[in-house]
Every structure is written in structure tokens, then in C-alpha cells.
Amino acid sequence: MALKLFNTLARSVQEFTPMDSAGKKVGMYCCGPTVYDFAHIGNWRTFVFADLVRRYLEFKNFQVTHVMNITDIEDKIIKRVCENKTSLREFTGKFEAAFFEDLKTLNCLSPHQTPRATEHIPEIISLIEKLIARGIAYKAGDGSVYFSIEKYRGCGCNYGQLLKLNFDEMRTGERVKSDEYAKESVADFALWKARTPDDGDIFWPSPFGEGRPGWHIECSAMSMKILGPSFDLHLGGEDLIFPHHEDEIAQSEGATQKPFVKYWLHGAHLLVEGRKMSKSLGNYFTLRDLQAKGFSGREVRYLLLTAHYRETFNFTLDGLAGAGTALARIDECIGKLRERAAEMLSLEKNPGQNSVVSLLPSFTAALEEDLNISGAWGAVFEWIREINRRLAEHSMSPTAAETALLEWNKVDSVLGIGAKSETEVPAEILALAEARIAAKKAKDFKRSDQIRAELKAKGWVVEDSPKGFKLKKL
Ligand SMILES: [Zn+2]
């Protein structure tokens, strides 16, 4: 089977084949957070989507390098640093730490590299210099450096690869901001913003004068530094398609004259309680707001993962409550499977059929089709129904239960929702419990009582059951 993904660049679903000639390595970049506040649930939809893509590629044995930038220099950040009379690093550090904490709460795998914009100023400057040398960027009267879309198009390059653009409308339709009067054309965008009094002491020296980088250029500079001039996957929310991603392509291809990214994946918007999220409507939630309402990261992750990434999703508190119910069904089934599999350890006879209740083929078939997550969940719940039926009929052997658990672990390496794990029993304790059963069978009750006391001393209680024994931690 081959993975197919909707590539915004091609505006169609395409088979995914990495650029690596061995077909193994995959470079993946996802635009990261701007650390001036806590990320909201709409942001989290994109990061959980990126996590799903990464986990599924790894499940398919690709060697993924997952890069996510930290935007720690930007207009809103500067404004808040000046308002709060703090230092840039202190201010952004607090929200960056919160972001990584939330990422963990949602059980997202940590990206392999999380470069900060402020630590890549030399790379950003050198990329701008290349664009100036190629005649595509220019320094304007206000001291800022802009990217010229006209010159870029004049070189035979295509601006508007992700989105069809009407250039006449771009010129007349967009209002000229007072601080950007110096641009040659309204559509041009800033690569380097000249220092202004409002910036306080937040600026860097450069060959173009003191200032700071624009937002778009940081993603081009950092992604290409780590993943090379051309890489496989670039992800983000659909609101970033224009201008951010379009500008990333223009800057990168303008400088390297090589195709920048092979597959562009965009996650759709999130509505909350049926409306666009806004603080004034009271439907604006950070992950922390939802935790304060008693919901877990696991429930939020589950709900965010129920909709296909290209569908607008309506996130509701009722939906979150439903997520808890769905997860409880999974937990109950996995718990019963664990119990049944553990009976293999007892010396009792193990009746039941060894025939396998398969999940992986249907789960994988769904995800191969542009990450059809609804189909994948359908496969999971169908599997749970069948497992529950067989367990209720006592027709599943401990071996079949263990095979089912191994399949579940693989499926969960993609979903990342886990199942409440029972306490892991150390091998030494298990061996003692088994020795106790053997002693009982040999009618050596003195020995079996000794072992029970020994287990208790080690913090474990053993209970007999018709099928063997159960161990509980004291
Ligand atoms: Zn970006």
C-alpha cells in the first residue's frame, strides 16, 4: 500500500514518495508557535495534525526529521516586551516553556529540532544577501529590505504556486500601511525591518542596517539550514497558505533556484461551538482553559483527532465529554485483553481460540487514503466490538489476546491516545506468584503462604482467581 496525501501545490491527492533515493529519509517542517501567549485550541489542531503525520510516517518505517520553528521575534512580541518592561528572552522563554509543556500534555512527540528565529540571524541575513545579489530584493528608503514580487516573476519564477493570485487586485485591493510607504509595490513584503524607536533595544546589526527579520524569511532560512534547499513535507494551518507559505516558496526558490518543498499539507480551520473562536464570544480556549474545566490532554487530543485534517471541525465541550466516553470504551476493552493475556502466566488450562481479530490492515488502509482518520477510528471501534464479543463468549485464547494487544500497541503508536496502563509487574514478582501457584498445586500450603508473605513484603498482594491469579500493588 502507498500513502496518498493532498498536496496543496498540486491541488490534488498524490502518492507520497520521499526525495531520498533510498526512499527512507523524510524531511518535515511545520511552522511553529509565535511565543507571545499560550497557544489556543485552533493552533493545537495544527500541531496534533503534524504529530499524526510524523507518527504515521514513522509507523511506515520512514526516518523522519521533524523540524518546528519557534518564532521568538515578531511585532506583537516586541510590543508586549516593551509594555511588560522585561527582556525578550525572559518574555518568550515563559511562553516557549508553556508550549512544550502543552505539547507533552497532548502527547505530541517532540520535534527533533526546534530552532529559534533569534538564534538564526546570520542565516537569515545571508539568505537576504543572496536575494539582493540576485536582484530580487531591494533596500528601500525606510531602511528596510523588501522582496520584489515583480522582479521574482521577471526571472521566470511563479509567485502563486499554492494559491492562484490576481496580481492586479493585489496592487489596488490591498491598503498601503503607513509604515510600508517605501515599498516599490504594495505586494512586496519585508525581509528585514529597519529599527524604529518603538523597538526599544530589540534589534540586530546587519549589512542593511540595524533591525530585525520579517516573519516569512525565518522559516525559509531555518528549514533550509536543517533540511537542505529541497525537502519533502511542509505543514501548517490553511490560514498560512497566503501570504506566509507563498512567501516562503518565493524567498527560498528565489535564492536557490531549486524547488523548495515537494508536498505542502494544510490543516483546516477549527470552529468552537459552531463559531469562529474569539475572546469576546467566550469560545476562545487555550489547552489550560480546558484543563481547568476538568478535561484531560488525552481527551482533547482524541477529539482533535476525530476529524479529517482537511475538514473544518466544530470543537465543542459536549464533544469533549463524548471523547471521555469513547476513551473509556477503549480502556475497558484493552484492560480486559490484558487480563486475558495475563492468564497465559497461570498454570491453569487456557481454553479459547487462537484465531486473531485483526486491526492493522483496515486501520492502515484508511490512513493510506490521505489520512482518513474517520475510517481509522471506524476500524478501531469495529475491532473493539469484535474483541468484546469474543471475550464475552470466552472464545478468545490468552495467546490471541496477546496478539491483539501487540496490534493495538502499533495502532496506538500512530494515534498516541494510549490506554490507561495497569501497573507493570516486575518479572521477579511474576515469578514468585507463579511459584506460589505451583506450590499450591503440589499442596505445599506452607510454601505458598510463605511466598504470599514474601510478595506482601515486596509490596504486592496476590489474589487467586478461577483463571489463575491477579497481582495488585499495595
Ligand atoms: Zn513558517
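The values are calculated or read from the model by the stated rules, or taken from the named source; none is laboratory data. Note that the coordinates shown come from a computational prediction; the quantities given were computed from them, not determined experimentally. Quick reminder, even Gly has a Cβ in these numbers, built from the backbone with ideal geometry, and neighbours come from all protein chains shown. Surface areas here come from the heavy atoms of the whole protein model, side chains and all, with no ligands, DNA or RNA. Shrake-Rupley method; radii C 1.70, N 1.55, O 1.52, S 1.80 Å.
Here are some notes:
- Of the helices (runs of 4 or more DSSP H) that lie entirely inside segment 241-352, those containing 1 or more residues that are within 23 Å of Gln14 (Cα to Cα) span 246-256.
- Looking across segment 16-45 at every residue that is hydroxyl-bearing (Ser, Thr, Tyr) and over 19 Å from Trp215 (Cα atoms), the one that is most open to solvent (accessible area, probe 1.4 Å) is identified as Ser21.
- The condition of being under 22 Å from Ala137 (Cβ atoms) and either modelled with pLDDT under 95 or open to solvent by 60 Å² or more (accessible area, probe 1.4 Å) (or both) holds for only one of Pro229, Pro197, Pro205, Pro213, that being Pro205.
- Flag if Ser465 is modelled with pLDDT under 95 and surrounded by fewer than 16 Cβ atoms within 10 Å (Cβ to Cβ): yes
- Asp232 vs. criteria of a type in the set (Asp, Glu) and part of a strand (DSSP E or B): yes
- Failed condition for Ile124, given (1) within 16 Å of the ligand (Cβ to nearest atom); (2) without any contact (Cβ under 8 Å) to a residue 12 or more places away in the chain: (2)
- Test result for His234, surrounded by fewer than 22 Cβ atoms within 10 Å (Cβ to Cβ) and at pLDDT 95 or above: no
- Residue pairs whose Cβ atoms lie under 9 Å apart, separated by 6 or more positions or on different chains, with the first residue in segment 324-340 and open to solvent by 70 Å² or more (accessible area, probe 1.4 Å) and the second among the aromatic types (Phe, Trp, Tyr) and assigned to a helix (DSSP H, G or I), are Arg329/Phe381.
- Unique residue being over 18 Å from Cys157 (Cα atoms) and away from the ligand (no atom under 16 Å from the Cβ) when the list is Leu271, Leu227: Leu271
- Scanning segment 46-74 for residues that are loosely packed, with under 15 Cβ neighbours inside 10 Å and either within 16 Å of the ligand (Cβ to nearest atom) or over 21 Å from Met222 (Cα atoms) (or both) yields a count of 1.
- Condition broken by Ala365, with the remaining ones in (1) over 23 Å from the mean Cα position of the chain (by Cα); (2) small (Gly, Ala, Ser); (3) loosely packed, with under 15 Cβ neighbours inside 10 Å satisfied: (1)
- Residue satisfying all of: in segment 23-45; in contact with a Ser or Thr (Cβ under 6 Å, 6 or more places away or on another chain) and closer than 22 Å to Ser278 by Cβ; nearest to the ligand (Cβ to nearest atom) among these: Thr34
- Residue match in segment 276-288 (condition: within 16 Å of the ligand (Cβ to nearest atom), within 26 Å of Leu305 (Cα to Cα) and either within 24 Å of the chain's Cα centre (by Cα) or not aliphatic (A, V, I, L, M) (or both)): no
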